[in-house]
Each structure stands twice: as structure tokens, then as C-alpha cells.
Amino acid sequence: MSREQAIKRIEELTKQLEYHSHKYYIENSPEISDFDFDAMLRELQDLEAQYPDLASPNSPTMRVGSDLTSEFVSAEHRFPMLSLANTYSAEELGEWIDRIIREIGEVEFVAELKFDGTAISLTYENGELLQAITRGDGRRGDDVTRNVRTIRSVPLRLQGEGYPALFEIRGEIIMPYASFDRLNSEREAAGEPLLANPRNAAAGTLKQQSSQVVAHRGLDCTLYNLAGNDLKFETHAESLEAARSWGFKVSEHARVCRTREDVEHFIAHWDTARKTLPYATDGVVIKVNRYADQRTLGSTAKAPRWAVAYKFQAEKALTKITSVDFQVGRTGAITPVANLEPVQLAGTIVKRASIHNADQISALDIRLGDMVYVEKGGEIIPKITGVELSERQADSTPFEYITHCPECGSELVRFEGEAKHYCPNASGCKPQIIGRIEHFVKRKAMDIEGLGGETIELLWQNDMLADISDIYHLNPVTLASLPRLGEKSAANLLEGVRISKEVPFERVLFALGIRFVGETTAKYLATHFRTLDAIAAASAEELAEAEEIGSKIAESIIAYFADEKNRAIIERLREAGLQFEIEEKQQTSNALAGKSVVISGKFEGRSRDDMKALVEEHGGKNLAAVSANVDFIVAGENMGPAKRQKAEKLGVKILSEAEFMALIADTEATPEEPKPQEQTPEPQIDNNPVQGRLF
Ligand code: IVH
């Protein structure tokens, strides 16, 4: 790969990894499997190894990951919580073992299961549970003690004797399959979204605000590492034994291994045997047993050199595909879903699998009656990854994709460059209408309580709800007289509708359901353009000036506003009093009063939106495009050459970021005297993050 190609690929991988890390660590809703994530991370690591000068200090490879949320108080780990180097390759694992043997000589390993949950660090003082902290960024994590206390396998007081006065013990909070299945059945019955897998369920549960909810969810905790200064053990195995004697749940499956063959044997056994365990595992962890050897090996900044994780390939199951259903989404997109003969896969029974589109069906040549392989990714519905051709029936024929909408019969269309088929009958196709309304009312959009899927369908059947604007023109009397609704629910619903008129503009914009305009894009658009009318009037080029808006999104926005039906809906929503403008920030000075400003390019330490907010806070007005009306442009790095030329031609002043900051700096309120630093208490035990001294 040439240097230029490497630069491009590093940028792509970084973007993807950042996006998926956020999905995984912050939102607890991953979209891709760990395998795919790790493959991308590995590719990035390799490229950075090849071109060290292209490795940025903020690269995802430098990050251990963070699960901090604002709802919990964060606390420092007395000993940093490192992650593990991992590999999917038996050969690489073998090389790791050989290297350790070369370095240390005669060495012992401990092979353990790798539990698929969420890491926790428990601190005990004088035998009592003091604190439970999530891994967070490895240095600080969220204090979830209240929630962890509800987990029955976590001892609140220790038994036996010989435990240190103060120590930390690390392990994994897991949700056994039984609890996971029960929880998802409850959620299904309540119409709540299902949790994708036990790992997300455990992580999500731990971050619940109510510890009562946590107590009900049936979490479990298994411990696998002791950390402290005065630990009187010579080996990891001894410490595990001791921890068990103090009342901790420690896996019975850990084994001391003396050779590469022992380790390989352990792995071969558990690769299959794990399928019978009542909880999820995703690999095996190999640790050097003697602490003296661990100290010799030490750690890198991210992971100890004395341990490694070998990850299992995702579990696969082979089953028969009996039929294919076609679901119509709110945008008219058609998603094929395969019905399968029920099969056991990674702890649950699978009956359906997603096949993304027609191309995928033909690429894999999936046919009805075929035996297919299914795998669980990060998603709730498993996917089909291949066909077992040796089991294909002699009379099977290629799958014929539908040509017409299964719901309304309209002929399907395909847009250029898109893999999915679409039903174009947006205003007459039931699942599209209902889907758009469901999207409009959902929590992250207009958050209208009392208007769930069933009620929407009821109102639609009674001709009271044909599009989102009808929500604001519901007749209270007719509503209360509907069979399954009643006066109280009708009143609740109308109250929910009334309150929703205060929902801020960016959420209204998201609620409209414009294709490709998700929550974040809606925020960018709202901040950039300020009003719905400005967005509706913007050209493709102007739209593309807002952060993160590419031509695909711009085109979709233009198409949305070009549609007369949408414009009519918007007018009815406007009449109803929805927020079509961004709420203006409080002004801190008049330094830019009457000035029209264009912010362009990238800035140091501030996003473009922050810069725009500053303009407004100082009384100025942000404009999107350069014109003779503009007083000045603040140009960051890489401002477009076309813009610069135009500015020069029109004689518009161009300021640098520093000049702009100076312009508003004098007017900022004088900062308060800095407060004296709070004294941090002396740590009771040495928290020197030198990993070699763990244990
Ligand atoms: S030892 C410094 N042992 O896997 C070493 N980790 O991918 C600390 N995990 O962050 C980890 N089972 O959350 C260790 N038997 C086991 C484990 C285990 C699961 C998790 C742990 C860690 C992650 C790394």
C-alpha cells in the first residue's frame, strides 16, 4: 500500500472505529461483532506499525475504551485496569507462549475462560465491600457500588481469614442466559426493545439508576484477578484459591498449564464445551502464573505482557431456511428476513435471521430449503453467513426476489448505488405510515407518551391519523369514544401531544423522519441553519457546508422539501405551534452586534459549532454562505479555496481564529480568582501505576 493510500485508509479506519466504540462503550448498542471490530483495529495497528509517523496520539489503537456516563460519580482505580492483548489465531497464541518460555525459561501458565460481560473492580476494606467501580477508561471508572451490592454472588463481608486489610479484586459482571432470556421475554411483553446479547444486558443493567431494577435482573459476578500491595501469594493460582476461600465466586474451570500443548488442549476442549455453559464466554485468557515472572515481563501502557486473550470464532449453527418474509420499514425500505427451523445458537434458540438485501441473497446464492449457517453479530437478529452446498436439494432453484410491495402491492424501485429495494408508495402503504408516526412520537424524537404502536394503528384504522400532522388535530370527543381507549387514556394522550410542542427544534427535525437525518445529523443541521425554513431553502452546496453533511444527505433533504405533501404536513405542524427554530443562547456581550459572520474550516480546540455559538453569544449572526452582506469570515484550517476567492473578490475581511478570539476576548467577563486546589488525601496504598508491581 502506498503512503497516500495508507493515509486514506487510516483515516477511514479511525472514523469507523470511533463510531463503533461510541456505539459499544457509550450507547451499549454495538452494530458490528467484536470480531469485525478487532479486525479493523488490527488493520489500523498494522498500518501504524508500518508508518509510525502516521500514528496519531488520539488513534483508537491508543485507547483502552471508556464506559463513563454522566449519571454516576467517577472514582479512581487504585491500580489501573488494563485491558488484554488479544488474538484470534492459534498460531499467534503459540508464538506468544514460545516467546514467554524463551524469556522466562521454565514457566507456568493459568488458562481461564474469558467471560463475556462487563469488567468490575471491587475494593474490600477490613473484609467489607467498600466500592465497586467499572473499568471506565482504565484509570477512572463509574462508582456503581449501590448496584453491585444487589448482586448475590458478590460477598458484602468476606469469610475465612488471611485477606489483606485493603485490596481490590477484578472480575466480570455477567448475565447468565437464563436471566437474559427472562429479561427479554419481559421486555417483549411490555413492547420494549430487546437487548442484543448478555454482555450488553449486563453492562446496561449495571448502569441503571435504580438498584431495585438491578436486583431484579439476575446478574452474576465471577472474579479472576487480585490486586494489592501486600499480597502474600507467589502465584496467581494461589490467589484464586484464597479468593474462593474468602467467599468470592471464582471459576472452577481455571487450569495450570505447563506447556504450549496443555494450553492448546484447554482451548480445544472449551471451544466446544463452552456451548453447554449457562453463561456467555468469548474466549480463553492465558496468564503467567508466578508473580515474580509477571513482574519480569511487566506491561505496556495498555496491557500486561504476562497475559493474552485468545478469542473464539463466533459460534455458528447450521439449519434449514423455510421461507423469507419481507418487512417494509418507515422509509419504504424492504428488508428480507429468513424463517429458519429453530436451532440452538450461543445460548438461545434462533428462528429468524436477517439477510440484508437482494444482492446478499444472490451473492450467497441462498435458496429456499437450503441448509444455511447462522451467526450472531452485535445485532439482535442473527445473520446468514453461508450456505452448505453439499446439502442442497437437487431440484432447488435460485431465489426469486419480490418485485411488488408485500403490503400495498406497489411495484418496488431501486435507487442508484443502493442495495435495498423500496416501496415508493409513501403516503398509501400502511407500515410506512405507521412507521413514520411511530418514529415521530418516540422518546428521542417528540416523546409523546400514550401514543404507542397499538394506539397509532387504532387511530389509523379509524381514519383519525393519516400522517404526523394529524396528531395535533385530534378531536378529543371522538378520541375518548374509541373502543379500546377511554377517557383517561385519551386525556393522557392529548396532554402528551400538548407537551410535545415544547420539544426543541433539533428533535423536531429528527422526528420528521427525513431519510439519513438521524439524531446527530439533525443537531448539526439545526445548529448550522438555525431554522427549518433555512434548511428547506438551502441548496445542496449550502447544505453540505454544515458539519457531517455529504451529498447523499443533502439530496435526501432536498427531495423531502420538494415534496408537496411534506410541505403541507410542515405547514400544519407550524400552525400547531411546534418549534421550528433553535432556541437562542443567552448573550454575554455586544461585541459582534449587527455583524454577520461566516465560520469556515477547522479550528484548534473548538468545533465549528462552538465557534458559531460564540458568534451568537456576542450578539453576531451566523451566515452559511459568503456574500456581500458578510462582515467577516473566520477562517480555520483548510477553508475551501472557492470561499476564499469569493471573499477576496467581494472584499470581505478574513480573520484567523486567534484574531477572532482577541476580538471577543476583551468583552468576556473577568474570570474569578482561581480557587485554591483541593487537597487530595494521601492514598492509603501505593497507587503507582507500574503494572509489574501488581500483586
Ligand atoms: S484478566 C490485566 N481474566 O476481558 C488483566 N479478564 O478483553 C485483566 N475478561 O477487561 C483481565 N474474562 O473484562 C481477565 N478470566 C479473565 C477474563 C477477563 C473476561 C475480560 C475483562 C478484560 C477483557 C479484556
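Can you confirm whether Glu418 is more than 27 Å from Ala317 (Cα to Cα), outside any loop (DSSP other than H, G, I, E, B) and at pLDDT below 90?
no
State which residue pairs qualify: first residue under 17 Å from Ser83 (Cα atoms) and inside the stretch 45-61, second residue modelled with pLDDT under 85 and surrounded by fewer than 15 Cβ atoms within 10 Å (Cβ to Cβ) in any location, beta carbons under 8 Å apart, and separation of 6 or more residues or different chains.
Listed pairs, sorted by first residue: Pro60/Glu18.
Counting only residues that are away from the ligand (no atom under 12 Å from the Cβ) and more than 17 Å from Pro176 (Cβ to Cβ), how many does the stretch 271-290 have?
Counting residues in the stretch 271-290 that are away from the ligand (no atom under 12 Å from the Cβ) and more than 17 Å from Pro176 (Cβ to Cβ) gives 4.
So in the stretch 227-259, with the set limited to residues that are touching a helix residue (DSSP H, G or I) at 6+ places or on another chain (Cβ under 8 Å) and of a type in the set (D, E, K, R), which one is farthest from the ligand (Cβ to nearest atom)?
Across the stretch 227-259, the extreme among qualifying residues is Glu234.
What's the total number of residues in the stretch 604-620 that are assigned to a loop (DSSP other than H, G, I, E, B), free of Cβ contacts under 8 Å to residues at least 60 places away in the same chain and under 28 Å from the mean Cα position of the chain (by Cα)?
Residues meeting the conditions: 3.
Could you say which residue among Ala215, Ala203 is within 13 Å of the ligand (Cβ to nearest atom) and touching a residue at least 12 places away in the same chain (Cβ under 8 Å)?
Result: Ala203 is the single residue among Ala215, Ala203 that is within 13 Å of the ligand (Cβ to nearest atom) and touching a residue at least 12 places away in the same chain (Cβ under 8 Å).
Please report, ordered by residue number, the helices (runs of 4 or more DSSP H) entirely within the stretch 190-281 with at least 2 residues that are crowded, with 18+ Cβ neighbours inside 10 Å. Can you show your working first?
Values: elements: 198-206, 211-216, 236-245, 260-273.
Hits in the stretch 190-281: 198-206, 236-245, 260-273.
Search the stretch 91-119 for residues being within 14 Å of the ligand (Cβ to nearest atom) and among the acidic types (Asp, Glu), and hand back the single one that is nearest to Pro278 (Cα to Cα).
Asp116
Could you count how many residues in the stretch 175-189 are buried (at least 16 other Cβ atoms within 10 Å of the Cβ) and free of Cβ contacts under 8 Å to residues at least 24 places away in the same chain?
First pass over the stretch 175-189, keeping only residues buried (at least 16 other Cβ atoms within 10 Å of the Cβ): 175-177, 179-180, 183-184.
Narrowing further to those that are free of Cβ contacts under 8 Å to residues at least 24 places away in the same chain: 184.
So the count comes out to 1.
Residue by residue, here is whether (1) touching a residue at least 60 places away in the same chain (Cβ under 8 Å); (2) farther than 19 Å from Val503 by Cα; (3) surrounded by fewer than 17 Cβ atoms within 10 Å (Cβ to Cβ); (4) under 27 Å from the mean Cα position of the chain (by Cα) holds:
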{"position": "Ser427", "(1), (2), (3), (4)": "yes, yes, yes, no"}
{"position": "Gln432", "(1), (2), (3), (4)": "yes, yes, no, yes"}
{"position": "Arg443", "(1), (2), (3), (4)": "no, no, yes, yes"}
{"position": "Gly452", "(1), (2), (3), (4)": "yes, no, yes, yes"}
{"position": "Glu457", "(1), (2), (3), (4)": "no, yes, yes, no"}
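Sort out which residues of the stretch 120-150 are more than 11 Å from the ligand (Cβ to nearest atom), in a loop (DSSP other than H, G, I, E, B) and buried (at least 23 other Cβ atoms within 10 Å of the Cβ), and write them in order of number.
If the condition is that a residue be more than 11 Å from the ligand (Cβ to nearest atom), in a loop (DSSP other than H, G, I, E, B) and buried (at least 23 other Cβ atoms within 10 Å of the Cβ), then Gly136, Val144 are the ones that fit.
Just need a number here: residues in the stretch 209-256 that are of a type in the set (Gly, Ala, Ser) and more than 30 Å from Glu186 (Cα to Cα).
The total comes to 9.
Condition check ((1) more than 29 Å from the chain's Cα centre (by Cα); (2) hydroxyl-bearing (Ser, Thr, Tyr); (3) modelled with pLDDT of 95 or more; (4) within 30 Å of Glu234 (Cα to Cα)) across all residues:
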| residue | (1), (2), (3), (4) |
| --- | --- |
| Met62 | no, no, no, no |
| Asp67 | no, no, no, no |
| Ile104 | yes, no, no, yes |
| Ile120 | no, no, yes, yes |
| Asp137 | no, no, no, yes |
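Do the conditions hold for Ser74, that is, is it under 30 Å from Leu231 (Cα atoms), away from the ligand (no atom under 15 Å from the Cβ) and at pLDDT below 90?
So Ser74 passes the test.
If the requirement is being modelled with pLDDT of 95 or more and outside any strand (DSSP E or B), which of these qualifies: Met464, Met446?
Numbers: Met464 fails: modelled with pLDDT of 95 or more.
Among Met464, Met446, only Met446 is modelled with pLDDT of 95 or more and outside any strand (DSSP E or B).
Among the residues of the stretch 537-574, what is the count of those that are part of a helix (DSSP H, G or I) and in contact with an Asp or Glu (Cβ under 7 Å, 6 or more places away or on another chain)? Let's see the steps before the verdict.
If we filter the stretch 537-574 for residues that are part of a helix (DSSP H, G or I), which is where we start, we get 537, 540-543, 551-562, 564-574.
Applying the additional criterion that residues be in contact with an Asp or Glu (Cβ under 7 Å, 6 or more places away or on another chain) yields 540, 569.
Qualifying residue count for the region: 2.
Take the residues of the stretch 315-338 that are surrounded by fewer than 18 Cβ atoms within 10 Å (Cβ to Cβ) and farther than 29 Å from His404 by Cβ: which is farthest from the ligand (Cβ to nearest atom)?
Filtering the stretch 315-338 for residues that are surrounded by fewer than 18 Cβ atoms within 10 Å (Cβ to Cβ) and farther than 29 Å from His404 by Cβ, the one farthest from the ligand (Cβ to nearest atom) comes out as Leu318.
Go through (1) in a helix (DSSP H, G or I); (2) closer than 22 Å to Val441 by Cβ; (3) aliphatic (A, V, I, L, M) one by one and return the number of the condition Ala534 breaks.
(2)
Restricting attention to the stretch 153-174, which residues are in contact (Cβ under 8 Å) with a residue 12 or more places away in the chain, exposed (fewer than 13 other Cβ atoms within 10 Å of the Cβ) and not hydrophobic (A, V, I, L, M, F, W, C)?
Arg157, Gln159, Gly160, Gly162
Kindly state which strands (runs of 3 or more DSSP E) lie completely within the stretch 294-397 and contain at least 3 residues that are more than 23 Å from Gln432 (Cα to Cα) and under 26 Å from the mean Cα position of the chain (by Cα).
307-311, 348-354, 383-387
Which members of the stretch 81-90 meet the condition of being within 14 Å of the ligand (Cβ to nearest atom) and either surrounded by 17 or more Cβ atoms within 10 Å (Cβ to Cβ) or part of a loop (DSSP other than H, G, I, E, B) (or both)?
Within the stretch 81-90, Met81, Leu82, Ser83, Leu84, Asn86, Thr87, Tyr88 meet the criteria.
The values are calculated or read from the model by the stated rules, or taken from the named source; none is laboratory data. It should be emphasised that the depicted structure is a prediction, and the values quoted were computed from it without experimental measurement. Heads up, the Cβs are rebuilt from the backbone with ideal geometry, glycines too, and the neighbour counts pull from every protein chain shown.
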